[in-house]
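Data first, discussion second: the structure below is written as C-alpha cells.
The values are calculated or read from the model by the stated rules, or taken from the named source; none is laboratory data. Computed from a predicted structure; not experimentally measured. Here Cβ is always computed from backbone atoms with ideal geometry, including for glycine, and neighbour counts include all displayed protein chains. SASA here: full protein model, heavy atoms, side chains in, ligands and nucleic acids out. Shrake-Rupley method; radii C 1.70, N 1.55, O 1.52, S 1.80 Å.
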Amino acid sequence: MKRNRVSVLAVLVAATLAFSACGSDNGGGAADADNTGQAEGGYEIALVSKGFQHQFWQAVNQGAEEAAEELGVSITFDGPASETEVDAQLQMLQAAIDRQPDAIGYAALDPEACVPALEDADSAGIPVVEFDAGCDTDIPLTISKTDGVAAGAKAAEHMAELIGGEGQVAIVGHSQINSTGVERRDGFVEKLEADFPDIEIVDIQYGDGDHLQSADIAKAMIAANPDLKGLYGTNEGSAIGIVNAATELGLEPGKLIIVGFDSGQAQIDAIKSGLMAGAITQDPIGIGRSTVESAVKAIEGEELPEDIDTGSYWYDKDNVDDEDIQAMLYE
C-alpha cells in the first residue's frame, strides 16, 4: 500500500488546498490544516464524515485526531455542511480517493449512492473502513458504530417507564434512508410493539436532523394528537427540534415526555431543566478513535471484525454529572 511519498504528498497538499477552497464556497465543512492530524512519515488516512453541523461529528473528529497522534499517522477529516447534502459528500469521497491515501474511513449518508465510489477505491487498492453508517457493499472491512437497534430499544424502555407503560407517543426521525435513522427508529418501534402493547405510536415523520424542520413537525404532531404523552427524537437535531417546539408552545416541564438521542449542550441543558426527560448518548470520541485504529490495521493487513460496537448509554438529570457518563457527552 505504500506509494512514492513525495508524489503522494504533493498531490495530497494540492488536492487539499483546492478542495478546501471549494468547500469554503459551498459552505461545507472540509477539514483544513487546523483539524488535520499531522505525523510526518506515517500513513495517510482520509476520513469522510456525514456532516459538521452537529457537535457529534466534532467529537468524532477529536477522537480520530487523538488516535492519529498516538499511532503516528496523518488524517484529513471532511464532511458536508448538512447531512442532507449527499452529492457534496460523494464529491468529498471521490476527492479523497483521487488523493490515493493509504486508507479511507467513510460514514455513508446514502447507503446506495456511495457504492460506485467505494468500488473505485477498491480498484485503486485503497482499503476502506466505515464509521457510524455503512454503504451497501461488502468492500469496507469493518464499521465502528453504535448498535442503533439496541440503542433505539433502550430509548423505548425508558419512554415506556416514564409514561407509565401506556398512552400515545410519536417519533421525529432524522432519516428514513440512512442506517442510523432506520435502526434507531426500528429499535424503538420493535421494542414497544413487543413489550408494551398499551403504548400506541401515532405518527413517525422525518426532519432531516434540522432543528427548525423538526420543531415544525413536533408542533404539528402535538396539535394533531392532544393525548400525546411522549416524543422521541432520533438524533441531536431532531431532539432539539422537539425541545424548541415544547418551549414555543409553552409546555410545562413533564407535560410531554421528551426522549432524545446524542448529546450536545442544548440537550444537556434541557435535561437539567426538566424539559427533556433523558437521552441516549453514543461514544463519538470512541468511534473516531476506533475508525483510525481500524484503518491502520487494514493498511497492515490485520484481520478485522465485521462490526465494532462502541456502545450506547442512557443519561438523565440523575446521572448526567456522573464521571462515567460525562466521558460520553460532548458539548
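When residues in region 209-265 are screened for being within 23 Å of Gly148 (Cα to Cα) and in contact with an Asp or Glu (Cβ under 6 Å, 6 or more places away or on another chain), 7 of them pass.
Number of residues in region 216-246 that are of a type in the set (S, T, N, Q), more than 21 Å from Gly187 (Cα to Cα) and touching a helix residue (DSSP H, G or I) at 6+ places or on another chain (Cβ under 9 Å) equals 1. Among (1) under 26 Å from Phe188 (Cα atoms); (2) among the acidic types (Asp, Glu); (3) at pLDDT 95 or above, where does Asp324 come up short? So Asp324 meets the others, but not (3).
With respect to Thr137, determine if the residue is in contact with a helix residue (DSSP H, G or I) (Cβ under 8 Å, 6 or more places away or on another chain), of a type in the set (S, T, N, Q) and part of a helix (DSSP H, G or I). Walk me through it before giving the result.
Values: in contact with a helix residue (DSSP H, G or I) (Cβ under 8 Å, 6 or more places away or on another chain): yes; of a type in the set (S, T, N, Q): yes; part of a helix (DSSP H, G or I): no.
Spelling it out, it is not the case that Thr137 is in contact with a helix residue (DSSP H, G or I) (Cβ under 8 Å, 6 or more places away or on another chain), of a type in the set (S, T, N, Q) and part of a helix (DSSP H, G or I).
Residues in region 58-99 that are under 24 Å from Gln267 (Cα atoms) and open to solvent by 10 Å² or more (accessible area, probe 1.4 Å): Gln58, Asn61, Gln62, Ala81, Ser82, Glu83, Thr84. Could you give every pair whose Cβ atoms fall below 6 Å, whose first residue belongs to region 239-257 and is part of a loop (DSSP other than H, G, I, E, B), and whose second residue is not polar (S, T, N, Q), counting only separations of at least 6 or pairs across chains? Listed by first residue and then by second, the contacts come to Pro253/Gly274; Pro253/Leu275; Leu256/Ala246. The set of residues in region 125-177 that are among the hydrophobic types (A, V, I, L, M, F, W, C), open to solvent by 50 Å² or more (accessible area, probe 1.4 Å) and either touching a strand residue (DSSP E or B) at 6+ places or on another chain (Cβ under 7 Å) or free of Cβ contacts under 8 Å to residues at least 40 places away in the same chain (or both) comprises Leu141, Leu162. Restricting attention to region 263-301, the residues being in contact (Cβ under 8 Å) with a residue 40 or more places away in the chain, open to solvent by 10 Å² or more (accessible area, probe 1.4 Å) and touching a helix residue (DSSP H, G or I) at 6+ places or on another chain (Cβ under 9 Å) number 9. Checking each residue in region 100-124 for being under 23 Å from the mean Cα position of the chain (by Cα), open to solvent by 20 Å² or more (accessible area, probe 1.4 Å) and over 19 Å from Gly209 (Cβ atoms) picks out Glu112, Val115, Pro116. Annotation: Gly207 fulfils all but one of (1) modelled with pLDDT under 95; (2) within 22 Å of Asp132 (Cβ to Cβ); the unmet one is (1).
All conditions but one from (1) touching a Leu at 6+ places or on another chain (Cβ under 9 Å); (2) open to solvent by 50 Å² or more (accessible area, probe 1.4 Å); (3) small (Gly, Ala, Ser) apply to Ala194; the one that does not is (1). State which residue is surrounded by the most Cβ atoms within 10 Å (Cβ to Cβ) when the search covers only region 199-231 and only residues that are under 26 Å from Ala81 (Cβ atoms) and touching a residue at least 60 places away in the same chain (Cβ under 8 Å). The qualifying residue surrounded by the most Cβ atoms within 10 Å (Cβ to Cβ) is Gly209. Check region 24-43 and report whether any residue there is modelled with pLDDT of 95 or more, open to solvent by less than 60 Å² (accessible area, probe 1.4 Å) and either farther than 29 Å from Ser263 by Cβ or in contact with a Ser or Thr (Cβ under 7 Å, 6 or more places away or on another chain) (or both). Scanning region 24-43, I find at least one residue that is modelled with pLDDT of 95 or more, open to solvent by less than 60 Å² (accessible area, probe 1.4 Å) and either farther than 29 Å from Ser263 by Cβ or in contact with a Ser or Thr (Cβ under 7 Å, 6 or more places away or on another chain) (or both), so the answer is yes.
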